[in-house]
Amino acid sequence: METSEVKGIMEEILRKEAEAVLNIPVSDGYGKAVELIVDRVNRRGGKLITSGMGKAGQIAMNIATTFCSTGTPAVFLHPSEAQHGDLGVLQHNDLMLLLSNSGKTREIVELVELARALNPSIPIIVITGNGDSLLAQTGDVTLLTGGAPEVCPLGMTPTTSTTMMTVMGDVLVVAVMKAIGFTREEYALRHHGGYLGCKAAGRVEKEIY
């Protein structure tokens, strides 16, 4: 493939994904989701449990680790492993953030049933591209991606959808940080290693040759 052709593909993908992000629906659901997270985790001492299957699961894992480093305890729960005992991670005052572009992912739909059988009052936040799906209707708060098509030439591989989920996760993380007044000093207590650890603590990073 010629360099010029690759450049053209890159420009097209950047344009399409940027448009998709800009068209993510802005709704009151974000405020409700942030309030749920702050109330259940930062006030009551619970934790945020994220989950998703496949590529969406990888985004859910990233969201959990980002929340952890910014003052809001979170864990990723694999939806399949949940059916083999890991569901026991659920505790009082926890809440869930579930990701599924189709809103029909069997393992995630089943996870809702299992979680509510164990803890009927657990709040669930959903991120999906399908507002008519069972998962969307089941969530206490549902945040829609807007359903832009994947940039994959097959129209199937999670590409645009995972970009939107990542951005939506960033919105929740940053909004919660602002809501709880999370500081640089608190960040430094949680992030000791690497460049960010040095920067947060005001240390000079040692050069390694």
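The values are calculated or read from the model by the stated rules, or taken from the named source; none is laboratory data. Predicted model only: the values in this text are computed from it and were never measured. FYI the Cβ positions are ideal-geometry reconstructions off the backbone, even for glycines, and counts take in every protein chain you see. Side chains are part of the model used for accessible areas, which takes the heavy atoms of the whole protein and leaves out ligands, DNA and RNA. Shrake-Rupley method; radii C 1.70, N 1.55, O 1.52, S 1.80 Å.
Using the empirical formula 2.2 N^0.38 Å as the baseline, the Cα radius of gyration of the chain reaches a ratio of 1.11. For region 111-182, a Kirkwood hydrodynamic radius built from all Cα pairs, placed in the Stokes-Einstein relation at 4 °C and 1.567 mPa s, yields a translational diffusion coefficient of 93 µm²/s. Compared with the direct C-alpha span, the chain from residue 44 to residue 132 gains 28.5 nm at full extension, assuming 0.36 nm per residue. Annotation: average projected area of region 27-77 is 3.6 square nanometres, based on the convex hull of Cα atoms across all directions. Largest first, the three principal axis extents of the alpha carbons in region 1-112 are 56, 32, 26 Å in whole numbers.
Residue-normalised convex hull volume from the C-alpha trace of region 53-109: 80 Å³ per residue. Within the shell of other residues whose beta carbon sits under 15 angstrom from the beta carbon of residue 168, the net charge comes to -1, with Lys and Arg scored +1 and Asp and Glu -1. In terms of distances greater than 21 angstrom between alpha carbons, the cross-link table entries 55/104; 32/178; 32/104; 47/178 yield 32/104.
Which value, in Å², gives the accessible area per residue of region 5-88 when a 1.4 Å probe is used on the protein heavy atoms? Don't jump to the answer; show the numbers that get you there.
On the way: 4440 Å² over 84 residues.
Each residue of region 5-88 exposes 53 Å² on average to a 1.4 Å probe.
If you roll a 1.4 Å probe over the chain with all protein chains in place, what percent of the accessible area is carbon or sulfur? C and S atoms contribute 56 percent here.
Percent of C-alpha pairs per 5 Å bin in region 102-153, short distances first: 4, 21, 28, 22, 13, 6, 4, 2, 0. Taking 0.36 nm per residue of sequence separation and removing the Cα-Cα distance, the residue 167/residue 89 pair yields an extension gain of 25.4 nm.
Extending 7 Å from Cα along the Cβ direction at residue 178 and again at residue 190 yields two label points whose distance is 1.8 nm.
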